[in-house]
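One structure below.
The values are calculated or read from the model by the stated rules, or taken from the named source; none is laboratory data. Not measured: the values here are computed from a predicted model. Cβ atoms come from the backbone with ideal geometry, glycine included; neighbour counts cover every protein chain shown. We work out accessible area using only protein heavy atoms, side chains counted, and drop any ligands, DNA or RNA first. Shrake-Rupley method; radii C 1.70, N 1.55, O 1.52, S 1.80 Å.
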Amino acid sequence: MAKTFTTRSTLGLTKPAPSVIPQIAFSAKEIEFSEWKGDLLAVAVLEKDMSKDESFKFKNAILRRLDILLGGLLGDTSAEEDFAGKTGQLTLIRLRESGFRRIGLFGLGQSTLSPAPTTYQGLGEAIAAAAKAVQASNVAVVLASSEGFSEDSKLNTASAIASGIMLGVYEDERFKTESKRLLLKSVDILGLEAGAGIDSKLRYTGDVCSGVILARDLANSPANVLTPVVLADEASKIASMYDDVLTATILDEDQCKEYKMGSYLGVAAASANPPRFIHIHYKPPNGQVKAKLAIVGKGLTFDSGGYNLKTGPGCFIERMKLDMGGSAAALGAAKSIGQIKPPGVEVHFIVAACENMISGTGMRPGDIITASNGKTIEVNNTDAEGRLTLADALVYACKQGAEKVVDLATLTGACVVALGPTIAGVFTPSDELVKELLTAAEVTGEKFWRMPLEDSYWESMKSGVADMVNTGERPGGAITAALFLKQFVDEKVQWLHIDMAGPVLNEKKKSATGFGVSTLVEWVLKNSSS
């Protein structure tokens, strides 16, 4: 008898409210801060900017002019509040007779000749929090010190500030019965030389942030709402929104059988929710394609562990809706790329979406499954399922003609142990490809660290009855997982694996981060002809 599937996206009668995306107008202006009128003037201050001369006047020109404008209030208040410009310090002053209702001093810490994107993203997040606290509808940002910044530094600083504000303002409230009203409508960045370059950069930042927000929403969605079928529907919606450059192909279980995706289908076999294999194809609107790329995201919408059930303290089974964080990043990047439309590059976004559950039809420890490249795998742990789905996805990506393939996955707890909660591990045999990724990350501020691909560790992955097992010894678990994936990549293809099990979640906010989107988009652009 044929198996009957049902899509249970409304299990528990829970349906998300529409996502409210911030509609903030970002602009760069060359006006003096004294001419600006609005709710909050945010002044970014380094520690050195707070120094004063023998008459107790600020040495910094901008702070000196501000203090004169405010009749000495800035100097008095900063002294009373012991504001020294240290990282994370904030002082807000309410004004009565001024063009702006409040002024805020935001500490950046010590001076740096090469401004780090994380510093100014953090500034943007702090400004967003302050704007929400004082219910500001318009904000201006001015740096007390920007001397020595190159043109690229100015563009990247403005972009980082805008990104921090946009993502700092946004809150995922789709599953809350009461939502907060978003008041912030406009942000003016003063003194970083307005012009076509900076306006274009700010538009680009908005496009990237929209992809990050989509990735956060997808990863935050619980498994009873976001099933593989629903994830595929979201992919189709993205492609339809930008159908001038994106097309979506969705394969069902029978079609995946035709492609002989036994590794992926073995993981999906136990679930009442059917699998969906997602392929979004980006083609540039005009011009010759000079580079063909693929981005593969792990798409486990829920991972119970299967018969190797996740149990005991620290198993984090309640967080396993996040096991599709790699696919969220891939689809978020697809949305951003659909908006930006970079020339000269073709990109394939690929996700093998499914659930890893338990039933009589499910994969058992000891089973042998066959991947689409013909290699056989003895399953010695059903909770090492992500690599099994990625195996067939990587084979498929190589068959699309991709010259460079990057996969992202919340793959191993071992990588979290090694690198902590904010750094992703990078594994690749290609020095060129890792250089490209890390160069992109320097712009975005996302943190990656190259890990070794130690071939001698493959010895622990050999099976007595099949080509390989799916897990090796516990030491070096992130490395053996990467070595497993390498078996499914064409030798002629440059390949890089990102283990993002740590940075997929912001522990403090208890929310998904959208990690990977901004770096992927930057990487695609660096491969384009622009």
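Worth a mention:
- Pairs, first at pLDDT 95 or above and of a type in the set (Val, Ile, Thr) in the range 493-506, second assigned to a loop (DSSP other than H, G, I, E, B) and open to solvent by 10 Å² or more (accessible area, probe 1.4 Å), C-beta under 6 Å, six or more apart: Val504/Thr410; Val504/Phe515
- Identity of the residue in the range 42-79, polar (S, T, N, Q) and within 26 Å of Ala131 (Cβ to Cβ), that ends up least open to solvent (accessible area, probe 1.4 Å): Ser78
- Test: residue in the range 112-134 that is more than 30 Å from Ala441 (Cβ to Cβ), open to solvent by less than 30 Å² (accessible area, probe 1.4 Å) and either of a type outside the set (S, T, N, Q) or in a loop (DSSP other than H, G, I, E, B) (or both): yes
- Residues that are assigned to a loop (DSSP other than H, G, I, E, B) and either surrounded by fewer than 21 Cβ atoms within 10 Å (Cβ to Cβ) or on the phi > 0 side of the Ramachandran plot (or both), drawn from the range 490-527: Asp490, Glu491, Lys492, Val493, Glu507, Lys508, Lys509, Lys510, Gly514, Gly516
- Qualifying residue in the range 242-255 (condition: surrounded by 21 or more Cβ atoms within 10 Å (Cβ to Cβ) and among the polar types (S, T, N, Q)): no
- Some residue of the range 336-348 being in a helix (DSSP H, G or I) and touching a strand residue (DSSP E or B) at 6+ places or on another chain (Cβ under 9 Å): yes
- Scanning the range 138-165 for residues that are of a type in the set (Val, Ile, Thr) and either out of contact with any Phe, Trp or Tyr (no Cβ under 8 Å at 6 or more places or on another chain) or part of a helix (DSSP H, G or I) (or both) yields Val139, Val141, Thr157, Ile161, Ile165.
- Filter result (touching a Lys or Arg at 6+ places or on another chain (Cβ under 7 Å) and either assigned to a loop (DSSP other than H, G, I, E, B) or hydroxyl-bearing (Ser, Thr, Tyr) (or both)) within the range 174-212: Leu192, Glu193, Ala194, Ser210
- With respect to being among the aromatic types (Phe, Trp, Tyr) and on the phi < 0 side of the Ramachandran plot, Phe316 falls outside the description.
- One residue stands out among those in the range 172-202 that are free of Cβ contacts under 8 Å to residues at least 40 places away in the same chain and closer than 21 Å to Ser336 by Cα: the one that is most open to solvent (accessible area, probe 1.4 Å), which is Ala196.
- Check on Gly124, closer than 30 Å to Leu438 by Cβ and touching a Ser or Thr at 6+ places or on another chain (Cβ under 9 Å): yes
Here's the yes/no breakdown for (1) hydroxyl-bearing (Ser, Thr, Tyr); (2) farther than 18 Å from Phe277 by Cα; (3) under 20 Å from the mean Cα position of the chain (by Cα):
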| position | (1), (2), (3) |
| --- | --- |
| Ala219 | no, no, yes |
| Thr227 | yes, no, no |
| Leu231 | no, no, yes |
| Cys256 | no, no, no |
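- Of residues in the range 20-41 being within 30 Å of Ser179 (Cβ to Cβ) and open to solvent by 70 Å² or more (accessible area, probe 1.4 Å), the one modelled with the lowest pLDDT: Val20
- Checking Ala409, Ala333, Ala391, Ala402 one by one, the residue that is in contact (Cβ under 8 Å) with a residue 60 or more places away in the chain, crowded, with 24+ Cβ neighbours inside 10 Å and farther than 27 Å from Gly502 by Cα is Ala402 and no other.
- Filter result for the condition that a residue is in contact with a Cys (Cβ under 9 Å, 6 or more places away or on another chain) and of a type outside the set (Gly, Ala, Ser), over Thr376, Thr389: Thr389
- The lone exception for Met166 - which of (1) open to solvent by 40 Å² or more (accessible area, probe 1.4 Å); (2) in contact (Cβ under 8 Å) with a residue 24 or more places away in the chain; (3) under 22 Å from Ala17 (Cβ atoms); (4) under 19 Å from the mean Cα position of the chain (by Cα) it fails: (1)
- Among the strands (runs of 3 or more DSSP E) confined to the range 237-322, the ones with at least 2 residues that are in contact (Cβ under 8 Å) with a residue 12 or more places away in the chain and polar (S, T, N, Q) are located at 246-251.
- If the condition is being surrounded by fewer than 19 Cβ atoms within 10 Å (Cβ to Cβ) and not polar (S, T, N, Q), then the range 419-432 contributes Gly420, Pro421, Ile423, Pro429, Asp431, Glu432.
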